[in-house]
Amino acid sequence: MSKALLTAITDRFEGRVVRALDLATDLDVVRRCADLADLLAAAAMHLGEVALVSADLRGLDRSAVEQLHGHALLVLGIYPPGDEQGERRLRQLGVDAVASADASGAELESLVRGVADPGGGAKAGPLTDGLDLPLGTGRDGGPEDAPPVLGVVVAVWGPTGAPGRTTLAINLAGELAGLGRRTLLVDADTYGGCVAQTLSLLDEAPGLAAAARAADQGNLDLVALARLAPEVSAGLRVLTGIPRAERWPELRAAALEHVLALSRRLAEVVVVDCGFNLEDDEELSYDTLAPRRNAATLTVLDAADQVVAVGAGDPIGLQRLVRGLQELGTTPAAPPLVVVNKVRASAAGARPEERIGEALQRFAGVDRPVFVPDDRESLDVALLAGRTLAEVASSSPARVAIRRLAASLVGEADPAPARRRLRRR
């Protein structure tokens, strides 16, 4: 059965490729698109089953490939003969397969048939093709050519009202690094990300926005990601967020998915500080292809292996947490681990942990939440110094609770408290 093809190939190779396709009995070119916009329009009208694009097609990025996939099209990339950079870019854009522009009609036909058949075919290469960063070994060692051990993604989310998402994410990442886990802290809050300021890093430094932009253009690999996420302490890398909230359109869902996939190879644990809003922007807009401000949060929650839901330990914070957990349950996120932050008797009454636990059990069905005591003085010292609690207040009750949480997430016993040495940023 013949396959309907849509082509969007630059003039340099279009004639030769189309002639080769004419010789393939199972491939039928139904439309030769002049540019990417024409191709996306044809795909939206479901005129084809396969899209054939060239590496130098103007405007081609990961988001465009994702749109084509969204219209149920297989995407094949054509690169100039011998152009390794063009081939690599196509693979990193997420196309289903690639071929040289001098391939014969039979080779292109075989490629299409192989991609359409889940059991065979020349698929696009892995994300690490051609990289020189030796990250293919786990903590237990092993040969460098062994399959890379993928890290886990921990999303730190909480409802509106500043329950302490960023504080918990930063200190949780610091404790995981202290446990000997290579850790990457990512600021994906599109409303008020402040990881950089909290850790005394330059908020204008390239971070997640640069990584997402490179991923969208097919230029992000492990080496580039490692360069954008500097190590701020032993075992802890930080990928800073957008410096201004109005730059949220730079964090597109398809690009962020690729950043998270590479992050799993860069670190054993990826801790992501999310925004609070779970509203699906598509419900508020007629243009479903427009950028979505909440797409970053929803993408992280969908990709996360563990979700940590944070609420404040006061009457208003608990009410918001209960309602937020109900809203979180409507997303495809993993079941959350609930953490009640800023726990203090002055806001919750005598025996605050007992009272809060009963309330969460009654109104949200939450069993065994994690409690983090309020230690404003130690947190202020850490914020002023741009450090984690482990670095400036190792015996802080809040730090002890977060250390226990970190140990439980990676399946380790609670380690003995130890003051970590300061390191210049």
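Miscellaneous remarks
- Scanning the range 60-87 for residues that are farther than 19 Å from residue 50 by Cα and without any contact (Cβ under 8 Å) to a residue 60 or more places away in the chain turns up 81, 82, 83, 84, 85, 86.
- Looking only at the range 248-280, residues that are open to solvent by 10 Å² or more (accessible area, probe 1.4 Å) and in a loop (DSSP other than H, G, I, E, B) come to 7 in all.
- Residue list for the range 378-408, filter: open to solvent by 50 Å² or more (accessible area, probe 1.4 Å) and either touching a residue at least 12 places away in the same chain (Cβ under 8 Å) or closer than 17 Å to residue 172 by Cβ (or both): 381, 383, 395, 397, 404, 408
- When restricted to residues that are more than 25 Å from residue 301 (Cβ to Cβ), in a loop (DSSP other than H, G, I, E, B), free of Cβ contacts under 8 Å to residues at least 40 places away in the same chain and open to solvent by 30 Å² or more (accessible area, probe 1.4 Å), the range 346-377 contains 2.
- Wholly within the range 1-104, helices (runs of 4 or more DSSP H) carrying at least 1 residues that are open to solvent by less than 10 Å² (accessible area, probe 1.4 Å) and over 30 Å from residue 251 (Cβ atoms): 11-22
- Looking only at the range 326-345, and only at residues there that are over 15 Å from residue 371 (Cβ atoms) and in contact with an Asp or Glu (Cβ under 9 Å, 6 or more places away or on another chain), the one that is most open to solvent (accessible area, probe 1.4 Å): 332
- The criterion of being free of Cβ contacts under 8 Å to residues at least 40 places away in the same chain, buried (at least 17 other Cβ atoms within 10 Å of the Cβ) and not aliphatic (A, V, I, L, M) does not hold for residue 178.
- Pick from the range 181-200, criterion farther than 25 Å from residue 410 by Cβ and hydroxyl-bearing (Ser, Thr, Tyr), ranking: least open to solvent (accessible area, probe 1.4 Å): 190
- Positions within the range 201-247 being small (Gly, Ala, Ser) and surrounded by fewer than 15 Cβ atoms within 10 Å (Cβ to Cβ), in sequence order: 205, 234, 245
The values are calculated or read from the model by the stated rules, or taken from the named source; none is laboratory data. Predicted model only: the values in this text are computed from it and were never measured. Positions of Cβ are generated from backbone atoms using ideal geometry, with glycine treated the same way; all protein chains shown enter the neighbour counts. Please note that ligands, DNA and RNA were not included when accessible areas were found on the heavy atoms of the full protein model with its side chains. Shrake-Rupley method; radii C 1.70, N 1.55, O 1.52, S 1.80 Å.
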